[in-house]
C-alpha cells in the first residue's frame with residue numbers, strides 16, 4: 001500500500017512543479033500601448049483613413065481567429081486567449097479612434113464650406129446694398145407751370161393741350177410711387193441682411209458650444225477607456 005502511494009505523491013509533486021514553471025515562464029500579459037490616431041489634414045485623407053480602417057478591422061478579426069486556433073493547442077489556453085482578446089480590443093480601439101477623428105473632420109469641413117458660402121453670399125449682398133445706397137436719388141422732374149391763358153383757339157387744340165398736361169401729371173405721380181416703392185424695398189433688404197447676420201452669429205456661437213461639448217465628451221471617454229483598461233489589467 002505505502003509502496004504504491006509514494007510514486008503517486010511524487011508524480012503529483014512533479015506535475016505541480018511543472019505547472020509552476022510554465023506559469024512563471026508565461027509571465028504577465030503584455031498590453032499594447034494605445035497611441036493617438038494620425039492627424040487628418042484634408043477630406044481626401046479622411047476618406048483614405050476610413051477605407052483603411054475598414055480593411056484593418058477585417059485583418060484584426062482574421063488574426064484573432066487564427067490566434068484562437070493556436071491558443072487551443074497550447075497548455076495554458078486561458079492565458080493565451082486572454083492575451084489574444086486584449087490585443088484584439090486594443091487594435092479595434094485604435095481603429096475606432098481613427099474612424100471617429102476622420103468622420104469628425106469631414107463633418108467640420110462640410111460645416112466650414114457651408115459657412116464660407118453663406119459669408120460670400122452675405123458679402124455680395126452687402127456690396128450691392130452699399131452700391132445702391134451710394135447712388136444719389138434721382139431728382140423729381142420739375143413740373144412746368146401752366147402757360148398763361150391765350151386767346152381763344154380752336155376746341156381741338158385745347159383738348160390736345162389738356163391731354164398732354166394730364167399725361168405729364170400722371171407720369172409724375174407714377175414716378176413718385178416708384179421712388180417710394182424703391183425706398184420700401186431698400187428697407188426690407190436691409191432688415192433681411194441684419195437678420196441673416198444675426199443668424200450667422202448664432203450659428204458660430206452654436207458651433208463653438210458644440211466643439212466644447214465634443215471636447216468634454218472625448219475627454220470623458222478617454223478617462224473611461226483608461227479606467228476600463230486599468231480594471232481589465234487588475235482583473236487579470
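Given the options 56, 66, 61, 122, name the one that is surrounded by 15 or more Cβ atoms within 10 Å (Cβ to Cβ) and at pLDDT 90 or above.
On the way: 66 fails: surrounded by 15 or more Cβ atoms within 10 Å (Cβ to Cβ); 61 fails: surrounded by 15 or more Cβ atoms within 10 Å (Cβ to Cβ); 122 fails: at pLDDT 90 or above.
Going through 56, 66, 61, 122 in turn, the sole match is 56.
So which pairs qualify, if the first residue must be in segment 173-196 and in contact (Cβ under 8 Å) with a residue 40 or more places away in the chain, the second must be surrounded by 11 or more Cβ atoms within 10 Å (Cβ to Cβ), the Cβ gap must be under 7 Å, and the two must be at least 6 apart or on different chains?
Qualifying pairs under 7 Å: 186/132; 189/129; 190/129; 193/125; 193/126; 193/129; 196/122.
Among 109, 91, 73, which is modelled with pLDDT of 85 or more and in a loop (DSSP other than H, G, I, E, B)?
Working: 109 fails: in a loop (DSSP other than H, G, I, E, B); 91 fails: in a loop (DSSP other than H, G, I, E, B).
Answer to the check: 73.
Conditions tested, residue by residue: (1) within 60 Å of the chain's Cα centre (by Cα); (2) surrounded by 10 or more Cβ atoms within 10 Å (Cβ to Cβ); (3) modelled with pLDDT of 80 or more.
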{"residue": "147", "(1), (2), (3)": "no, no, no"}
{"residue": "152", "(1), (2), (3)": "no, no, no"}
{"residue": "156", "(1), (2), (3)": "no, no, no"}
{"residue": "172", "(1), (2), (3)": "yes, yes, no"}
{"residue": "175", "(1), (2), (3)": "yes, yes, no"}
{"residue": "182", "(1), (2), (3)": "yes, yes, yes"}
{"residue": "189", "(1), (2), (3)": "yes, yes, yes"}
{"residue": "196", "(1), (2), (3)": "yes, yes, yes"}
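The values are calculated or read from the model by the stated rules, or taken from the named source; none is laboratory data. Model, not experiment: these values are computed from the prediction. We place every Cβ from the backbone using ideal geometry, glycine too, and count neighbours over all the protein chains shown.
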